[in-house]
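Notes to accompany the following structure.
The values are calculated or read from the model by the stated rules, or taken from the named source; none is laboratory data. Remember, predicted model here, so these are calculated numbers, not experimental data. Don't worry about glycine lacking a Cβ; one is built from the backbone with ideal geometry, like all the others, and counts go over all protein chains shown.
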Amino acid sequence: MESFVNRYRNLTILLLVIFAQFLLLAVQVKNDQDVRIIRVWTVTAVTPFARVVELLRGGSVGFFRNYILLHDEDAENRRLRQQVGQLKLENVFLKNELNTAERAKALGVFQARTPSKTLAATVIGTGAGSNAKVVYVDAGSARGVERGMAVVTPDGIVGKVIAAYPTASEILLATDADFAAGVISQDGGVRGTLKGQGTPFLKVDYVPIQEKVQVGQWFYTSGDDRIFPRGFPVGVVRAVRDAQPFKEILVDPVGLQRGLEDVLIITQGVHQDIPPTPVGDQPVYIAPPPPDESKPASPAAAGAPPPITEADKLRLEYQASGEAQGHKFGSGESGPPDFTGITTTLPQKPALPQKPAPAAAVPADADPKPATGATTRTTDSTRHSNQANGEPAGSTKR
Amino acid sequence: MAYSSGRMLLSQSDGPVSRFRAWVFIVVPLLAILFQVYVPLFFPFLGFLEMPLMVVVYLSLTQRSQVGGILTGALIGLAQDSLSKNPLGMFGICKTLVGYFAASVGVHFNVDNTFVRLFLSFLFYFFHQTLYWVMQRMLLAQQPPFDYQSWLLFGALNAVVGVFLFHFLDKLRAAV
């Protein structure tokens with residue numbers, strides 16, 4: 001070594017001097033990332049050695065773990081597979097729970113929106129017969145369900161209750177051959193009888209051949225059957241054929257398209273108008289733009305009274321009639337005022353059912369049975385006649 | 001100056017060795033650096049002159065010692081760096097290599113001939129500028145232009161000035 005240095009003494013000194021000045025430069029100069037070159041060089045010089053050392057260490061440890069201590073791997077694999085299976089099951093369960101919660105939310109929204117009183121129920125079983133289109137729900141007569149009540153979903157009609165047990169009810173689906181309901185086309189021009197066929201499609205019967213029915217047209221419940229209130233979606237026409245003596249109209253039921261897990265049983269039906277547009281094509285309300293703050297508000301708008309609803313008008317009318325008779329509301333001193341002279345007609349057709357006074361204080365989700373507590377059994381004919389007279393479906397009048 | 005052309009390419013190891021007095025190694029480089037620093041302030045057209053480089057070339061050629069050339073080039077280059085805005089070592093590395101190669105040439109060839117000095121001055125100037133350009137790009141991440149035409153011209157001018165400078169410096173050495 002010494003002879004080598006002596007032999008190349010000049011060159012060695014040159015390299016040392018050059019190297020020293022390179023170090024001097026590297027201490028001062030920074031690269032484009034504001035790191036001194038001496039650091040870059042040092043890291044670049046050290047990293048490969050560190051990588052090699054780490055490679056050797058990792059290889060040794062990996063060899064030790066993978067080949068020397070391999071006897072536990074199989075057991076751990078089995079345990080991990082079991083854990084993965086359990087997690088998959090939990091995942092499916094949680095997804096189902098989420099779907100259930102979403103359906104319950106949709107039902108809740110529909111319940112709050114529809115004027116009819118409804119009772120939410122969950123399908124707990126299907127009929128035993130292969131051709132029988134019946135299901136069982138977890139709401140029975142103990143919760144106010146009666147035979148003949150209509151069953152719907154937010155999408156459309158589902159069927160009707162054919163038997164009410166204390167804790168469950170049997171529902172005949174609209175696709176069953178024994179099912180029938182009165183329907184009306186969207187424009188109100190075509191009336192017919194909806195019949196199940198035992199197939200996924202329903203049939204609208206008794207429609208004269210001269211009536212115009214088109215594919216894609218919507219049918220709604222007409223309310224004529226005294227089971228389904230007017231205005232519930234039934235389905236979309238998928239096929240129309242001219243036959244003798246009536247048209248053959250096949251309808252795709254919309255209430256059964258998304259499966260059947262949660263339903264609503266209509267305990268007090270209220271007829272509604274047929275919507276002007278199909279369910280899936282309802283117009284969307286868009287609020288007016290905010291007022292321009294730069295412009296002053298019009299004096300007429302500032303002094304105008306707040307708008308009142310039809311209910312407010314009714315209340316004011318009844319209040320005025322009572323005060324005209326000298327009745328003091330809320331005191332209970334005088335007898336009830338005579339409201340028979342009021343001849344107010346509701347703007348919508350058909351009229352809202354006139355609820356009996358005790359029932360008016362009953363919350364929407366309360367037991368629809370008569371408040372008198374009488375143990376009377378309502379027959380279909382009685383309830384239907386009540387509905388025809390505008391009485392709630394749950395009220396009893398013999 | 002009295003050498004024939006045949007003598008010019010012979011080895012100088014057997015010939016007389018030039019020795020300088022000690023103060024020459026301090027004063028001459030210092031004057032060259034001061035010239036490089038101050039003269040262009042008053043005479044900008046003289047900015048092309050690389051007097052420290054010429055001094056390094058001369059001292060290395062005449063000393064005929066590679067270690068001496070290395071140290072001379074390194075010290076003058078670092079001194080020049082310390083008076084410039086560049087990081088320390090840029091001129092130092094360039095002049096270290098110039099000193100080493102100049103000393104190597106001086107060991108093997110007779111460099112007292114005017115044309116040899118002219119050629120070597122031009123060659124080392126070009127080598128110095130090229131090396132400096134490379135280091136600017138590689139170490140400082142700068143993008144200076146490769147202005148070889150100017151380098152050729154200034155190299156020729158420096159070589160001419162260097163010949164006269166070497167002739168003057170020859171007066172300062174004493175034969176041993």
(Q) Need the failing condition index for B:PHE115 against (1) more than 14 Å from every other protein chain (Cβ to nearest Cβ); (2) outside any helix (DSSP H, G or I); (3) without any contact (Cβ under 8 Å) to a residue 60 or more places away in the chain, just the number. (A) (2)
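Criterion first (of a type in the set (Phe, Trp, Tyr) and surrounded by 15 or more Cβ atoms within 10 Å (Cβ to Cβ)) does B:TYR148 satisfy it? Reasoning before the result, please.
Working: of a type in the set (Phe, Trp, Tyr): yes; surrounded by 15 or more Cβ atoms within 10 Å (Cβ to Cβ): no.
Criteria not met by B:TYR148.
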Q: Among the residues of the range B:58-110, write down those that are surrounded by fewer than 22 Cβ atoms within 10 Å (Cβ to Cβ), more than 12 Å from chain A (Cβ to nearest Cβ) and in contact (Cβ under 8 Å) with a residue 60 or more places away in the chain.
A: B:HIS108, B:PHE109, B:ASN110
Q: Could you check how many residues of the range A:26-40 are touching a helix residue (DSSP H, G or I) at 6+ places or on another chain (Cβ under 6 Å) and within 20 Å of B:LEU97 (Cβ to Cβ)?
A: 3
Q. Quick one: B:VAL24 ticks every box in (1) at pLDDT below 75; (2) over 25 Å from B:LEU152 (Cβ atoms) bar one, so which box is it?
A. (1)
Q: Considering only the range A:174-185, state which residues are surrounded by fewer than 18 Cβ atoms within 10 Å (Cβ to Cβ) and not small (Gly, Ala, Ser).
A: A:ASP178
Q | Close pairs from the range A:26-38: first at the interface with another protein chain (Cβ under 8 Å from one of its Cβ atoms), partner exposed (fewer than 13 other Cβ atoms within 10 Å of the Cβ), Cβ under 6 Å, at least 6 apart | A | A:ASP32/B:ALA141
(Q) Taking the criterion of being within 13 Å of chain A (Cβ to nearest Cβ), crowded, with 22+ Cβ neighbours inside 10 Å and of a type in the set (Ser, Thr, Tyr), would at least one residue in the range B:118-141 satisfy it? (A) no
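Please indicate, with yes or no, whether at least one residue in the range A:9-17 is outside any helix (DSSP H, G or I) and either facing another protein chain (nearest Cβ under 9 Å) or touching a Phe, Trp or Tyr at 6+ places or on another chain (Cβ under 6 Å) (or both). I'd like the intermediate steps shown before the answer.
Pass one, the range A:9-17, residues outside any helix (DSSP H, G or I): none.
There is no residue in the range A:9-17 that is outside any helix (DSSP H, G or I) and either facing another protein chain (nearest Cβ under 9 Å) or touching a Phe, Trp or Tyr at 6+ places or on another chain (Cβ under 6 Å) (or both).
Per-residue answers, yes or no, for (1) within 30 Å of B:VAL107 (Cβ to Cβ); (2) among the acidic types (Asp, Glu); (3) loosely packed, with under 10 Cβ neighbours inside 10 Å:
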{"residue": "A:SER3", "(1), (2), (3)": "yes, no, yes"}
{"residue": "A:LEU16", "(1), (2), (3)": "yes, no, no"}
{"residue": "A:PHE22", "(1), (2), (3)": "yes, no, no"}
{"residue": "A:ILE38", "(1), (2), (3)": "no, no, no"}
{"residue": "A:THR42", "(1), (2), (3)": "no, no, no"}
{"residue": "A:PHE63", "(1), (2), (3)": "no, no, no"}
{"residue": "A:GLU73", "(1), (2), (3)": "no, yes, no"}
{"residue": "A:GLU102", "(1), (2), (3)": "no, yes, no"}
Q.
Please pick out the residue among B:PHE42, B:PHE48 that is in contact with a helix residue (DSSP H, G or I) (Cβ under 7 Å, 6 or more places away or on another chain) and at pLDDT below 90.
A. B:PHE48
**Q.** Unmet requirement for A:GLY129, which otherwise passes all of (1) at pLDDT below 80; (2) part of a helix (DSSP H, G or I)
**A.** (2)
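Anything in the range A:104-115 that is surrounded by 10 or more Cβ atoms within 10 Å (Cβ to Cβ) and either at pLDDT 85 or above or among the charged types (D, E, K, R) (or both)? List them, or say none. Outline the logic, then answer.
Within the range A:104-115, the first condition is being surrounded by 10 or more Cβ atoms within 10 Å (Cβ to Cβ), and the residues that meet it are A:104-111, A:114-115.
Listed by number, the list holds a single entry, A:LYS105.
Select from the range B:118-141 the residues that are touching a residue at least 60 places away in the same chain (Cβ under 8 Å) and aromatic (Phe, Trp, Tyr) and list them in ascending order. Explain how you work it out, then say what you get.
Kept after step one, since they are touching a residue at least 60 places away in the same chain (Cβ under 8 Å), are these residues of the range B:118-141: B:120-121, B:124-125, B:128.
Across the range B:118-141, the qualifying residues are B:PHE124, B:TYR125.
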(Q) Of the conditions (1) at pLDDT below 90; (2) of a type in the set (A, V, I, L, M, F, W, C); (3) crowded, with 19+ Cβ neighbours inside 10 Å, B:LEU172 satisfies every one except a single condition; which number is it? (A) (3)
Q | Verdict on B:PHE48 being surrounded by fewer than 22 Cβ atoms within 10 Å (Cβ to Cβ), farther than 29 Å from A:TYR8 by Cβ and among the hydrophobic types (A, V, I, L, M, F, W, C) | A | yes
Q: Evaluate the following for B:LEU41: is it crowded, with 24+ Cβ neighbours inside 10 Å, more than 13 Å from every other protein chain (Cβ to nearest Cβ) and in a helix (DSSP H, G or I)?
A: no
